[in-house]
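Reading through the structure tokens given below for one structure.
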Amino acid sequence: MFWKFDLNTTSHVDKLLDKEDVTLEELMDEDDVLQECKAQNRRLLDFLCQQHCMEQLVTLITHEPPVDMDEKVRFK
């Protein structure tokens, strides 16, 4: 009975984007954020294209993380 199952496919990324004060770090911690970008999740792409997010992303890419950080967090 296929129709008995709740097949609500709302991703964790969409649930985070529903929050009013979501941060880039919270989104980046989600495992499926890349898949959502590849699937062209419009809400996610709109959020990532905001000026403050773009600046944070560029900073994350261009600056080395501190050496004293935990290695798993440092290279995530």
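Assorted remarks:
- Cβ separations smaller than 6 Å between residues 6+ apart or across chains give the following pairs from the stretch 56-70 residues that are free of Cβ contacts under 8 Å to residues at least 40 places away in the same chain to residues that are among the hydrophobic types (A, V, I, L, M, F, W, C): GLN56/LEU24.
- Helices (runs of 4 or more DSSP H) fully within the chain that include at least 3 residues being at pLDDT below 90 and either among the charged types (D, E, K, R) or out of contact with any helix residue (DSSP H, G or I) (no Cβ under 7 Å at 6 or more places or on another chain) (or both): 71-74.
- Taking the stretch 29-76 as the range and being more than 20 Å from LEU16 (Cα to Cα) and of a type in the set (Lys, Arg) as the test, the residues that pass are LYS72, ARG74.
The values are calculated or read from the model by the stated rules, or taken from the named source; none is laboratory data. What you see is a predicted model; the values in this text were computed from it and never measured. Quick reminder, even Gly has a Cβ in these numbers, built from the backbone with ideal geometry, and neighbours come from all protein chains shown.
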